[in-house]
1. For the stretch 166-185 and the stretch 74-130, what is the separation of their Cα centres, given in Å?
2. Under a 5 Å amide H to amide H cut-off, with H placed in plane at 1.01 Å, what residues pair with HIS30 once short-range neighbours are removed?
3. Among the listed pairs LYS183/LYS228; LYS173/LYS225; LYS145/LYS173; LYS36/LYS75; LYS173/LYS232; LYS21/LYS145, which are separated by more than 20 Å between their Cα atoms?
4. Within 10 Å, count the other beta carbons around each residue, average over each peptide in 196-202, 80-86, and list them highest first.
5. I'd like the projected area of the stretch 152-201, averaged over all directions, using the convex hull of its alpha carbons. Report it in nm² with one decimal.
6. Report the full-extension gain for the segment GLU88 to MET217: residue separation times 0.36 nm, less the Cα-Cα distance, to one decimal in nm.
7. Residues of the stretch 113-142 with backbone nitrogen within less than 14 Å of a virtual label 7 Å along the Cα-to-Cβ line of MET165, please, listed as ranges.
8. Any idea how far apart GLN140 and SER110 come out in nm if each label point goes 7 Å out from Cα toward Cβ?
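Each reported figure results from applying straightforward, stated rules to the coordinates on display, with no laboratory input. These figures come from a predicted structure and were not determined experimentally. Here the Cβ positions follow ideal geometry from the backbone for every residue, glycine too, while neighbour counts run over all protein chains shown.
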Amino acid sequence: MIKNIISKINDTIKGVKPSDKIHILLDNGHSSSKAKTITPGKRTPYLVSGVEPAISMYEGDFNRDVVRILATKLKESGYNVHILVPEEEDVTLGERVRRANKLCKEFGASNCLFVSIHSNAAGNGRQWMSARGFSVHICQGASKKSELMANLLFDAAKEDGHFKMRKPLPNQKYWVNNFYVIKNTLCPAVLSESGFYDNVDDATYLLTPEARENVAMYHYNALVKYIKEIIKK
């Protein structure tokens, strides 16, 4: 307790707020549709096999739009934010982790939070599916900070109210999956899946500017609450 108080006093003396130390690392999954090589399969069934209705959406475009909106909101609010994949091309999972861990080593892993933003799919990409909704994931053995962010993000998405909320157990809001990017980053990490782009209703909504703004906003709200909780400790 005394050590934390002294640290906060020292930060104040130096003119640095505790929140200035927190760095948000945003990972927009997959390539955009503008890439020379588009990530296979990450698109609506209509674009894969021509199955009606004619809804044309690439997951990578959605992910990038959300990250751009979210990063802008965070920067305007004075938070430190880093977009890990600014290019249109896809980047390997290993390279994404390398970029994240480089920032962790520069700023301190405990001062960073990795958030990988996606939309989900339930099938093989060639037909429309019934599964839909929002979910958030952490890896096996994840830190308490990862759990905190996952819970806050679930609550923020639920409050937004546009998606069915998916959770593995009645009393557990996050799924445990060893996705490469959240398993191998040095800092607390979560991965969100907002809607299913192979579900007609979800995909129709995800295509709208309103959806991308709303998804960015509930990520923003969760991140702000996360930072406030971390600063208290």
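1. The stretch 166-185 and the stretch 74-130 have Cα centres spaced 16 Å from each other.
2. Long-range HN contacts for HIS30: VAL91.
3. LYS183/LYS228; LYS36/LYS75; LYS173/LYS232
4. So the peptides 196-202, 80-86, ranked by packing, come out 196-202, 80-86.
5. In nm², the orientation-averaged hull projection of the stretch 152-201 is 4.5.
6. 44.2 nm
7. Of the residues in the stretch 113-142, 133-136 have backbone N under 14 Å from the label point off MET165.
8. 2.7 nm
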